[in-house]
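**Student:** Mind looking over this structure? Questions follow.
The values are calculated or read from the model by the stated rules, or taken from the named source; none is laboratory data. The model shown is predicted, which means the values in this text are computed figures rather than measured ones. Here the Cβ positions follow ideal geometry from the backbone for every residue, glycine too, while neighbour counts run over all protein chains shown. The area values use the complete protein model at the heavy-atom level, side chains included, leaving out ligands, DNA and RNA. Shrake-Rupley method; radii C 1.70, N 1.55, O 1.52, S 1.80 Å.
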Amino acid sequence: MKLTQWVFTAVIGILPVSVLHATDLMSIYQEALSQDSQYRSARAAYQASQEKLVQGRAGFLPSVTLSANRTEQQVNADNIFSSATGTTINPAPVTIHAGGMTISATQPLFRMENIVIYQQSKTEVSKADAQFIVAGQDLILRVAQAYFDVLDAQVDVEVAEAQKTAILKQLEQAKRNFEVGVATIVDTNEAQARYDLTTSQEIAARNALEIRKRTLQGIIDRFPENLLGAREIAADLAKLNYSTMDEWVRAAEDKNFTLQMQQSAYEFASQEVKRIWSQHYPTVDLVAQYSEQTGVGGAITGRGIDLTSKSIGVQLNVPLFQGFSVQSRVREALSNQNKALHDLETTRRNITLQARQQFLNVTNGIAQVKALQQALVSSQSQLDSTVLGQQVGVRTEVDVLNAQQQLYAAKRDLAKAYHSYLMSRLRLSAEAGELDEETLVQINAMLIK
């Protein structure tokens, strides 16, 4: 076995089990798909909205009603004069059993309002489709943001721990140097002060990490233990679907799903004007009826008869006057249509603004990550030089501590800048309507490679 392989196997052997089973971004996202209550609510709303199409189509189909009744009627005829006998008679009471059944069917032939309602139902379904996609994109962004927040907090804890360990070594060495008389008490006090300050920073960092994990717990319904972070920075940071800001803006105007939702809202408002105006139109229906009645007229004749009737025909209804209510509702719908148009324009402007901002965040993030990579190299060189200078007596303990803190700060800033850059890429893809699981897989690969 090669030495490098043996070292790798040995390191794996001593790692805790929880580290070996650390969770990546895609695993957290897969849990969120089934556990996040906000996304499940959006899924239920989406499923409910699909019924709008069935309801809109119902206006073209026949409606059938069945009505039935059953009565028992008792007829008492008192003091009836008989011309034949010249006397008054009181016949016995007569009980008449009456009943009936009627089946009515109506098939719309022309109802302009129903046609518009069906068009509105298709618009509502299109809006619901876009809304559900937005909910899915929002889930990806919320999961990613919570995931990166935990990684940032983990970096803060790791930096605080590393600083504390390094400063503790410096403190111990400063105390030894003071005891043998090669250093002053000033170096010891400086190291002690920094150690105490780092201890408080570590406590604050651990508290922040706990809070960030609880936030992620609210999405996946379990406490996240170990999340995988980037072991190295991806080489090709600038690999984007579009190279210029204008291309991203055009993509956002064409494919942004929030903009599509607002477009559907405007179309629905326009159709609402047509729907209300269509109430001026006549309606034509095909009407059929079948009726069976028993005991008809028994209350008068004392003996009911049975009747059966069948009818079929065309029914025309022409609205003439409805108290100006239709005209008023048309004016109301026109105002709502104008409002939807202005809201659409506002949404379009906001989307293009967000696309430009996220593109700048991505491009500036690339530059910042590269600058911090160079800063990390420079900070490491500075620390090595400062340690060497301390060994030959030209640098002090304070200089070493300052160089160490600068190195740790560079590591922390680089990690956070990289996470911010990845988050900006996700947000930019969302603005362009291209954020999906495949995009998240790419981001996840940049974290675990």
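**Student:** Between LEU388 and SER335, what is the label-to-label distance in nm when each label sits 7 Å out along the Cα-to-Cβ direction?
**Tutor:** A separation of 8.0 nm, rounded to one decimal place.
**Student:** To check my understanding: the extent here is largest minus smallest coordinate of the Cα atoms along each principal axis. What are those three numbers for region 190-274, in Å, largest first?
**Tutor:** 77, 35, 26
**Student:** Using a 1.4 angstrom probe on heavy atoms only, work out the carbon and sulfur share of the accessible area of the chain in %.
**Tutor:** Here it works out to 54 percent.
**Student:** With every protein chain left in place, what is the accessible area per residue of the chain in square angstrom, probe 1.4 Å?
**Tutor:** For the chain, the solvent-accessible area averages 58 Å² per residue.
**Student:** Can you spot the lysines whose alpha carbon is less than 20 Å from LYS164's alpha carbon? Ignore those fewer than 8 places along the same chain.
**Tutor:** Counting by Cα, and skipping residues close in sequence, LYS164 has these lysines nearby: LYS175, LYS411.
**Student:** For the chain, count all C-alpha to C-alpha pairs, find those more than 30 Å apart, and express that count as a whole percent of the total.
**Tutor:** Summing the P(r) tail past 30 Å for the chain gives 68 percent.
**Student:** Under a GNM of the chain (C-alpha, springs under 10 Å), which listed residue has the highest mean-square fluctuation: VAL157, VAL369, VAL186?
**Tutor:** Taking springs between Cα atoms under 10 Å, the residue moving most is VAL186.
**Student:** For THR23, list long-range residues whose amide hydrogen, built 1.01 Å from N in the peptide plane, is under 5 Å from its own amide hydrogen.
**Tutor:** ASN226, LEU227, LEU228
**Student:** Continuing with this model, one more query. Tilt of helix 257-277 relative to the longest C-alpha principal axis of the chain, in degrees (0 to 90, nearest 10)?
**Tutor:** Tilt relative to the chain: about 20 degrees.
**Student:** Could you pull out every residue, at least 5 positions away or on a different chain, whose amide H is within less than 5 Å of the one on THR294? Hs are placed 1.01 Å off N in the peptide plane, and Pro or chain starts have none.
**Tutor:** The list, which skips near neighbours in sequence, is GLY99, GLY100, LEU307.
**Student:** So what are the ³J(HN,Hα) numbers for region 145-155, from phi and the Karplus equation (6.51, -1.76, 1.60; θ = phi - 60°), rounded to whole Hz, Gly and Pro as x?
**Tutor:** 5, 5, 5, 5, 4, 5, 4, 4, 5, 5, 4
**Student:** Just the number, please: Stokes-Einstein D of region 301-374 in µm²/s, Kirkwood Rh from C-alpha pairs, 25 °C, 0.890 mPa s. Mind dumping the intermediate values first?
**Tutor:** Values: Rh = 20.2 Å.
The diffusion coefficient I find is 122 µm²/s.
**Student:** So which chymotrypsin sites (Phe, Trp or Tyr not before Pro) in region 320-406 end up in coil per DSSP with only 14 or fewer other C-beta atoms within 10 Å?
**Tutor:** PHE321, PHE324
**Student:** Given the pairs LYS127/LYS213; LYS213/LYS239; LYS127/LYS274; LYS52/LYS310, which span a C-alpha to C-alpha distance of over 24 angstrom in this model?
**Tutor:** Working: LYS127/LYS213 34 Å; LYS213/LYS239 31 Å; LYS127/LYS274 19 Å; LYS52/LYS310 35 Å.
From the list (LYS127/LYS213; LYS213/LYS239; LYS127/LYS274; LYS52/LYS310), the Cα-Cα distance tops 24 Å for LYS127/LYS213; LYS213/LYS239; LYS52/LYS310.
**Student:** What is the magnitude of the charge dipole of the chain about its Cα centre, with +1 placed on the Cβ of each Lys and Arg, -1 on the Cβ of each Asp and Glu, and no other charges, expressed in debye to the nearest 20?
**Tutor:** Numbers: 42 positive and 47 negative charges, 116 e Å.
Charge dipole of the chain: 560 debye, to the nearest 20.
**Student:** Next question, about the same structure. Report, in deg cm²/dmol and to the nearest 500, the calculated mean residue ellipticity at 222 nm for the chain, where each DSSP H run with n ≥ 4 adds -39500 (n - 2.57) and the sum is divided by the residue count.
**Tutor:** -23500 deg cm²/dmol
**Student:** Also, I was wondering about something else. Hey, what did the chain get for relative contact order, percent, Cα under 8 Å, at least 6 apart?
**Tutor:** Once normalised by length, the contact order is 22 percent.
**Student:** Which whole-Hz ³J(HN,Hα) couplings does region 65-74 yield from phi under the Karplus relation 6.51 cos²θ - 1.76 cosθ + 1.60, θ = phi - 60°, glycine and proline marked x?
**Tutor:** 10, 10, 10, 8, 8, 9, 10, 10, 10, 10
**Student:** Would you look at the GNM of the chain, springs on alpha carbons closer than 10 Å, and say which of ILE220, ILE366, ILE96 moves the most?
**Tutor:** ILE96
**Student:** Also, quick follow-up: Kindly express, to the nearest 10 degrees and within the range 0 to 90, the angle between helix 3-14's C-alpha long axis and the longest C-alpha principal axis of the chain.
**Tutor:** 60
**Student:** How would VAL314, VAL116 line up by accessible area, probe 1.4 Å, largest first?
**Tutor:** If we order VAL314, VAL116 from most to least accessible, we get VAL314, VAL116.
**Student:** What aspartates and glutamates sit close enough to LYS370 to cross-link, taking a C-alpha to C-alpha distance under 20 Å and skipping anything fewer than 8 places away on the same chain?
**Tutor:** ASP152, GLU232, ASP236, ASP413
**Student:** Calculate, in nm to one decimal, what SER27 and GLU51 gain on full extension: separation in residues at 0.36 nm each, minus their alpha carbon distance.
**Tutor:** Full-extension gain reported as 5.4 nm.
**Student:** Step through the residues of region 129-141 one at a time and calculate ³J(HN,Hα) from phi using the Karplus curve (6.51 cos²θ - 1.76 cosθ + 1.60, θ = phi - 60°), rounding each to whole Hz and writing x for Gly and Pro.
**Tutor:** Rounded to whole hertz, the list is 4, 5, 5, 5, 5, 4, 5, x, 5, 4, 4, 4, 5.
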